[in-house]
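Any read-out appearing in this document is the output of simple, stated calculations on the displayed coordinates, not a laboratory observation. Note that this is a predicted model, so its numbers are computed, not measured.
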Amino acid sequence: MPHRDWWVPDWPAPRGVHALCTTRQGGHSAAPYDSLNLGSHVGDDAAGVVANRQVLQTVLQARTPGARATFLSQVHGTDVVELDRSTPDGTEADACVTTTPGAVCTIMVADCLPVLLAHRSGAVVAAAHAGWRGLAGQDGRGVLEAVFKRFSALALDGQALAAINNEASSDTLAWLGPCIGPEAFEVGAEVRAAFCDADPGAHTCFLPCHQTPGKYLCDLAGLARRRLEALGITQIFGNDSTASWCTVTNASTFFSHRRDSVALGGSGRFAACIWRD
């Protein structure tokens with residue numbers, strides 16, 4: 001069973017589809033990575049990271065024998081990889097999709113937004129790392145659009161390409177995990193422009209920061225919801241931009257790069273996972 005402090009998404013996942021979100025609890029790392037840091041690139045002791053990843057693998061395999069999480073090298077881009085259980089750790093991508101039972105789509109975060117997708121058939125699942133750069137992408141096409149294109153093609157394999165997106169979107173469920181909240185995410189005008197130039201309505205996700213003139217408070221989860229809705233995905237669960245989902249303000253539960261890196265010299269990573277039997 002997952003550690004008592006880990007989160008299990010509250011959403012109507014199809015039979016045979018499983019998901020969880022780790023927290024910073026239940027591992028072996030010392031401060032400031034205490035205790036379940038899953039990131040091997042943040043300066044933590046390597047043996048501790050290996051032990052922490054094994055904690056997660058043990059939980060996954062207790063639920064689905066043979067299950068294996070793949071830990072990607074995430075670079076704030078839009079590349080998508082199709083996983084099987086032999087995909088090596090360190091594969092460079094910011095989203096992953098699979099139809100292989102036991103191949104666990106795994107996204108590590110510490111302020112960025114993890115997004116999980118499941119098709120109602122249970123045949124295909126996906127996960128994406130949505131920091132603001134990957135979410136914005138270029139000309140309104142970012143990591144969510146990229147992963148949904150691959151996800152749709154797998155979900156509706158063999159059907160006419162023109163019909164894929166509309167048909168798949170109505171049968172797609174999305175879960176948004178914890179991320180930096182709209183009262184903590186201060187950004188510059190260039191971030192606002194990256195979204196509003198492609199979608200003028202995205203201005204609703206930015207409020208002027210009165211404490212820092214020229215800056216804005218950004219609702220990252222709200223921007224992701226807009227992108228998903230533009231793809232026709234309306235069954236969206238999880239992060240509703242309220243305080244309980246904020247990685248910065250919930251220090252005992254979540255790692256936060258923005259909160260911890262300057263004050264403590266480093267921050268760990270927690271993970272959101274989705275897989276099918």
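Here are some notes:
- Viscosity 1.306 mPa s, temperature 10 °C, Stokes-Einstein D of segment 10-116 from Kirkwood C-alpha radius, µm²/s: 109 µm²/s
- Calculated on the alpha-carbon coordinates, the convex hull of segment 160-277 measures out at 151 cubic angstrom per residue.
- Taking only the Cα atoms of segment 79-126, the radius of gyration and Dmax are 10.9, 31 Å.
- The Cα-based radius of gyration of the chain, divided by its Kirkwood radius, gives an Rg/Rh of 0.95.
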